[in-house]
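Q: Sharing a structure with you now.
The values are calculated or read from the model by the stated rules, or taken from the named source; none is laboratory data. All values derive from a computational prediction rather than experimental measurement. Cβ placement follows ideal geometry from the backbone for every residue including glycine, while neighbour counts extend to all protein chains displayed. What goes into the accessible areas is simple: the full protein's heavy atoms, side chains included, and nothing from ligands, DNA or RNA. Shrake-Rupley method; radii C 1.70, N 1.55, O 1.52, S 1.80 Å.
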Amino acid sequence: MSGTELYLRLLRHVRPYWRTFAVAILGIVVVAATEPALPALLKPLLDGVFVSKDETVIRWTPVFIIGLFVIRGLAEYVAQFALSWVGNRLVMDLRAQMFHKLLTLPARFYDDQPSGTLISKLTFDVTQVTTAATSVLTVVFKDALVILGLLGWMLWLNWKLTLLSLVLMPLIVLVVRVISIRLRNSSREVQRQMGEMTQVVQEAIEGHRVVKLFGGQDYEQQRFDVQANSVRRQLMKQAAAAAASVPVVQFLAAVALATIVYLATQQSNADQITVGGFVSFIAAMLMLTAPLKRVTSVNEPLQRGLAAAESVFALIDQAGETDSGRKEPGRARGEIRIEALRFAYAGNEQDGNRAALDNIDLVIAPGETVALVGASGSGKTTLANLVPRFYTPSAGRILLDGEDIANLKLAALRANIALVSQDVVLFNDSVAANIAYGAMKGATRAEIEAAARAAHALEFIEQMPQGFDTLIGENGVRLSGGQRQRLAIARALLKNAPVLILDEATSALDTESERHVQAALDELMRGRTTLVIAHRLSTIENAHRIVVLDGGRIVESGSHAELLAREGKYALLYRNQFQSAAEQ
């Protein structure tokens, strides 16, 4: 996208606030109009006071000067306030759009994007856009008017000298053009490096226990220093380019000024210009350098803002989750049918790697509990992720109550599915808000308490300082692993979905916590179609059916006793796990 296209797109985001923006522009016009008035006052002042001794001019000139600066000050205040208001609204709107997009992007996108980079876009990049969309525009607009006004006054005073001053304009434009390209490139690199630095900081904060325990402080410090230094180098490239533009433009202006001063003195000697006219012309010429400097200096934040706009719009333009479904299934019975299913992660098959799942056929009756077991990488979690359409199958289909889930609206499909995983996600909010999360936020306190009681969580919740109103910290940091797991189960119970996915829900728990969690899970699974992903085989012995995956294919299926009797893959996994547990 070209710079012009980016800028016009930015201005479309300003359009809803055009009234406030128009007030800002009006203030800028007034400020710009007062600028040429200052040198224009010098001619009658010098010629009328010091040459003609005009009493009227002597009396009214101070009044005009004071009135001029009062009007200018009020207009400047209104313009700056209105611009700040529009700029802050623009940042808020863009952040809201970006965050909304993050909530609707498919799982594949997050597989390829570091979270630190995404956070940097939302926090750092978007703030750079404001200057380009509002401040830069108004500086250029105001200074363009000032330059036109001053040039108009100079042309009226002496058109020959004015035309001479414009000879160097093409050189100034060329300098600005060359520096613009360098500034845009370095701005893109700064934003990329900022994303990588944010990623390092985020990983160090989230993994601070591992960093401390394994003595990784020096390593993490080195990683951060490398990224911080890369940001510094790119910022210095920006600074060098920006710093070069102003003195070059000022030097060219100084050459023009020196030439004009010489020629003006020659005209003065020939009585072709008055003292007041000469001083007024030189004053206007000198006043031109300030807006010229601002116009050339504004190129740096402009290019930085356009590079940021590229980053922001690249995220906003990402395709969200495909939701081509049109049917509303209501509350499902819970029959899941998987037919000739194949799935490969992006790039895997092109690289010669096998598909994550291949030729999967499976039928799960309503209310049946089916456990998926197998070695790491066998495809258990991938299969579970396909049911709520986090990913789309490469081939084959999944049916819920006989209807292809691709034909169901995403929200309606997921309303029928609850998930409890080993990686419990909790929010820095109250216990009640974490149980009654999202679409369940309208649940009554009695319903929340009932879900907590069924999840064996009521006892520890009532012992907390504010009970259900206690804040649990980032991702439930103030809770034990078993307590966090039981809150997740309470959330699933409150949702009361007919289909349940349990992803290693009892892994990494001590015996006492596992006992509570397993009791809560038994309550949760009752009457629901349940897909259990299990690593600890002892937890799924009572499943109606156990499906063994190996290399993305189903190799065995049956009850716990049937599979042990076959002496196949499951029996080998079970014996190895039982032997490992006995040795411990």
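Q: Under the definition of Cα pairs under 8 Å and six or more residues apart, what whole-number percent is the relative contact order of the range 461-580?
A: So the answer I get is 17 percent.
Q: Need the C-alpha centroid separation for the range 519-563 versus the range 83-132, integer Å.
A: Cα centres, the range 519-563 to the range 83-132: 42 Å.
Q: How many angstrom separate the Cα center of the range 139-169 from the Cα center of the range 441-505?
A: That distance is 71 Å.
Q: Of all the accessible heavy-atom surface of the chain, with the other protein chains kept in place and a 1.4 Å probe, what percent is carbon and sulfur?
A: Details: 17450 of 29650 Å².
For the chain, the apolar C and S fraction of the accessible surface comes to 59 percent.
Q: Considering every pair of different Cα atoms, what Kirkwood radius, in Å, is found for the chain?
A: Numbers: mean 1/r = 0.0333 Å⁻¹.
30.0 Å is the Kirkwood radius here.
Q: Scan the chain and note any complete DSSP helix (H) whose C-alpha atoms cover at least 24 Å along its axis and whose Kyte-Doolittle average is 1.0 or more. Walk me through the numbers before you get to the answer.
A: Details: long enough: 18-45 (40 Å, 1.39); 55-104 (74 Å, 0.74); 136-157 (31 Å, 1.99); 169-206 (54 Å, 0.19); 217-269 (77 Å, 0.07); 275-297 (34 Å, 1.28); 299-316 (25 Å, 0.49).
Helices meeting the criterion: 18-45, 136-157, 275-297.
Q: For the chain, what is the mean residue ellipticity at 222 nm derived from helices alone (per DSSP H run of n ≥ 4: -39500 (n - 2.57); sum divided by total residues; nearest 500 deg cm²/dmol)? Please report the intermediate quantities before stating the final value.
A: Details: 22 runs with 359 residues, N = 584.
The helix-only estimate for the chain comes to -20500 deg cm²/dmol at 222 nm.
Q: Turning to a different aspect of this structure: With the cut-off at 20 Å, tell me which of the pairs Lys101/Lys495; Lys101/Lys409; Lys380/Lys441 have Cα atoms farther apart than that. Display every interim value, and only then the final one.
A: Values: Lys101/Lys495 25 Å; Lys101/Lys409 18 Å; Lys380/Lys441 31 Å.
The pairs that break the limit, which is 20 Å between Cα atoms, are Lys101/Lys495; Lys380/Lys441.
Q: Counting only residues 5 or more places away or on other chains, whose amide H sits under 5 Å from the amide H of Ile501 once H atoms are built in the peptide plane?
A: The answer is Ala418, Leu419, Val420, Leu531.
Q: Take every Cα pair under 8 Å in the range 350-405 that's 6+ residues apart, average their separations, divide by the length, and report that relative contact order as a whole percent.
A: Numbers: 21 pairs, mean separation 13.0, N = 56.
Rounded, it is 23 percent for the range 350-405.
Q: What are the residues whose amide H is under 5 Å from the amide H of Gly325, where those residues sit 5 or more places off or on another chain and H is modelled from the backbone?
A: Result for Gly325 returns Leu410.
Q: Compute the accessible area per residue over the range 395-496, keeping the other protein chains in place, probe 1.4 Å, unit Å².
A: On the way: 4760 Å² over 102 residues.
Per-residue value: 47 Å².
Q: Under the rule of at least 5 residues apart or a separate chain, name every residue whose amide H is placed under 5 Å from the amide H of Arg333.
A: Under 5 Å from the amide H of Arg333: no residue qualifies.
Q: May I pose another question? Where does each of Phe278, Phe69 land when they are ordered by accessible area, with a 1.4 Å probe and the largest first?
A: Ranked list, largest accessible area first: Phe69, Phe278.
Q: Also: Excluding Pro329 itself, what net charge comes from residues whose Cβ is under 10 Å from its Cβ, given Lys and Arg +1 and Asp and Glu -1?
A: Spelling it out: positives minus negatives among the neighbours equals +1.
Q: Looking at the range 529-566, which GluC sites (Glu not before Pro) are in a loop (DSSP not H, G, I, E or B) and have at most 15 other Cβ atoms within 10 Å?
A: Details: sites: Glu541, Glu556, Glu562; in loops: Glu541.
The qualifying sites are Glu541.
Q: Right, another one. Give me the 1.4 Å probe accessible area per residue for the range 73-169, excluding ligands and nucleic acids, in Å². All intermediate terms of the calculation are to be shown ahead of the outcome.
A: Values: 4740 Å² over 97 residues.
Solvent-accessible surface per residue comes out at 49 Å².
Q: Then there's this: Does the range 374-447 classify as rounded, prolate or oblate by the C-alpha gyration tensor (a ≥ b ≥ c root eigenvalues; a/c under 1.5 gives rounded; else a/b over b/c gives prolate, otherwise oblate)? Write down the numbers at each step before the final one.
A: Details: a/c = 3.13, a/b = 1.54, b/c = 2.04.
Oblate.
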